């Protein structure tokens, strides 16, 4: 199902069915904005681990976008508290994101013990957290925490729920939708998008190779899953019959306009909000985002066991020379937590997970509200030439 755009039809790319008589012809009126009840097709990516605070979520939603709480690492009680705090700050739609557990994780004690030795040999400073690493008892109980987290999502009737690292059962998705929750999945390939569509999701995030943080890949990570946003979005748009949300390398109105032209019905922006005033990212993380203009980003499994893109630092470089296998997620994430917590206390970015997308050098320090307003203004400036003429009938 290919949908090629001729020059005279370009303006229609920004608004499906724009030529219906009596219907408005504006760039921000898309299938996603109508589905989610938001004003602009701008979604703040769910950034787990602290960046997406309730304050950030509410600020984006209050400006007409969609704020998202990254709750993958949060306990059920913390998620409930976060949801209720968001509702104190906004009466607009918002979303919560969770990680789908991998039921096939195999625990290899030798691989785990080898990694413990590696982490304790990083330097003399490792003495400060070596005991904590030794005390870690790794037991993988897939789905236990997720079931409790999901129960909160259902009980609190969260307006929008998204997920990463896999796909829930059709029964789970149907239960959420029966409660009035819109369900959004994450895909990094066309095959994953087709899997999500068959499972019954309402929309799909197409996560391009440029995106910061963890890759949402769940049908096998490899070179074939490293597809850039500009190549991935139109392929998914032409394959599935659901709204597509573009993600990866989108930092301003130009990126928003480009993704809408590719057929996306909205964009999801993470790195663009990392340095915002409401972001809970560590100050050193924000500093690196705003000032490391010549630094490169790389995809690594060193911090968590899952591929994730971040600004290169000493830990990534050290681990590139590590010859033994890295334990899978969430085992590696548990093993490196003492190191990451120590680095945060010491404000030492050399051993922090500085997640960032490839376009992080375009980041701006401002309130989330100001950022959304700027994105809207920039998108309107880019798209205005396509909307100067009245729609034809």
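Things to note:
- Within the chain, helix-based [θ] at 222 nm, where runs of 4 or more DSSP H residues each add -39,500 (n - 2.57), nearest 500: -11000 deg cm²/dmol
- Note on residue 241 and residue 154: the model spin-label points, each 7 Å out from Cα along the C-beta direction, lie 2.8 nm apart.
- Pair residue 84, residue 323: separation of 7 Å Cα→Cβ label points (nm): 5.5
- For residue 109 and residue 144, the FRET efficiency from 1/(1 + (r/R0)^6), where r spans their Cβ atoms and R0 equals 25 Å, is about 0.75.
- Ordering of 196-202, 120-126, 266-272, 165-171 by burial proxy (mean other Cβ atoms within 10 Å per residue, highest first): 266-272, 196-202, 165-171, 120-126
- Reducing region 152-222 and region 52-121 to their Cα centroids gives an inter-centroid distance of 15 Å.
- Each label point was placed 7 Å from the Cα along the Cα-to-Cβ direction; for residue 293 and residue 314 their separation is 2.6 nm.
- Region 203-328 shape via C-alpha gyration tensor axes, a/c threshold 1.5: oblate
Throughout, read-outs are computed from the coordinates displayed, never taken from laboratory work. Nothing here was measured: the structure is a model prediction, and the numbers come from that model. Here the Cβ is made from the backbone with ideal geometry for all residues, glycine too, and neighbour counts use every protein chain on show.
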